[in-house]
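For reference, the structure is listed below as structure tokens.
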Amino acid sequence: MQFIFEDNIRSLEEKIGYRFKDRSYIEVALTHSSYFNENKEKNEDYERMEFLGDAVLELCVSDHLFRSKKELKEGELTKLRASLVCEPTLAMCASAFNLKEYIRLGKGEENTGGRNRESIISDVFEALIGAIYLDGGLECAKKFIEHYVLEDMYHKIEFVDSKTGLQEYVQEKGQNLSYEIIKESGPAHNREYITAVMINGQQIAVGKGRSKKLSEQDGAYKALAILRNRE
């Protein structure tokens, strides 16, 4: 994917509603190590920024849950926080502003599907938090986290856990669950999968996603909604 990196940064700033005073922070946050490896440069990639962003994210989520969920005990708070800061949830949060399109990757990583890899997307999301924290301070980072992670958080958790939820639902009913890929399209680095969710051999819902896992997840979420509405 070819793009002018500076234009990409401006576009991302407009989407997230934050303009960086020091552009070097956001440049680092968006750059994967593969880019510098291929270009034989020694500039910094996002990994150290991710380390910082992870700590800021945990602090802000912990603070929010501690203050807003007074009925929950320590173990319940820990479980809820873990669901919010895990890789799949963060990748989903990042999809709200299409973060993957702004990541600077090497051609090799690009061609092997790195732009759609949850591990990379979630890492860059944390690096972006670190960049905002360094550039604007804790309050700016907290505002970003509140909007993209904490807003409608139970919906995000339910979506990420939808396959587990559907599996538990069908087991309680004594039914059989399976997923069938019914269509694949697009180039190797940007595939789209369409998956049918089958219960006892009957198609209940169809999911779409840039990976088999995401298409199954989308299908499971839709299937749960359909089954609950029937009840």
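The table below lists the values:
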quantity: Selection count where residues are closer than 14 Å to Ala127 by Cα and either surrounded by fewer than 13 Cβ atoms within 10 Å (Cβ to Cβ) or hydroxyl-bearing (Ser, Thr, Tyr) (or both), scope the range 16-30; calculated: 2
quantity: Scan of the range 176-201 for residues that are of a type outside the set (A, V, I, L, M), over 30 Å from Gly108 (Cα atoms) and surrounded by 12 or more Cβ atoms within 10 Å (Cβ to Cβ), ordered by number; calculated: Tyr179, Asn200
quantity: Where a residue in the range 83-105 is not assigned by TED's automatic domain parsing to the domain that holds Glu44 and its partner, wherever it lies, is part of a helix (DSSP H, G or I), with Cβ under 6 Å and at least six apart; calculated: none
quantity: Test: Ala127 is surrounded by 21 or more Cβ atoms within 10 Å (Cβ to Cβ), in contact with a Ser or Thr (Cβ under 8 Å, 6 or more places away or on another chain) and under 28 Å from Lys79 (Cβ atoms); calculated: no
quantity: Residue check, Leu52 surrounded by 12 or more Cβ atoms within 10 Å (Cβ to Cβ), under 17 Å from the mean Cα position of the chain (by Cα) and within 28 Å of Tyr25 (Cβ to Cβ); calculated: no
quantity: Given (1) in contact with a helix residue (DSSP H, G or I) (Cβ under 9 Å, 6 or more places away or on another chain); (2) surrounded by fewer than 18 Cβ atoms within 10 Å (Cβ to Cβ); (3) more than 14 Å from Ala141 (Cβ to Cβ), number of the condition Phe36 does not satisfy; calculated: (1)
quantity: Filter pass, Leu214 being surrounded by 12 or more Cβ atoms within 10 Å (Cβ to Cβ) and either assigned by TED's automatic domain parsing to the domain that holds Gly113 or farther than 19 Å from Glu118 by Cβ (or both); calculated: no
quantity: Condition check for Arg191: among the basic types (Lys, Arg) and in contact (Cβ under 8 Å) with a residue 60 or more places away in the chain; calculated: yes
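The values are calculated or read from the model by the stated rules, or taken from the named source; none is laboratory data. Values in this document were obtained by computation on a predicted structure and should not be read as measured data. Note that we place each Cβ from the backbone using ideal geometry, even for glycine, and neighbour counts take in every protein chain shown.
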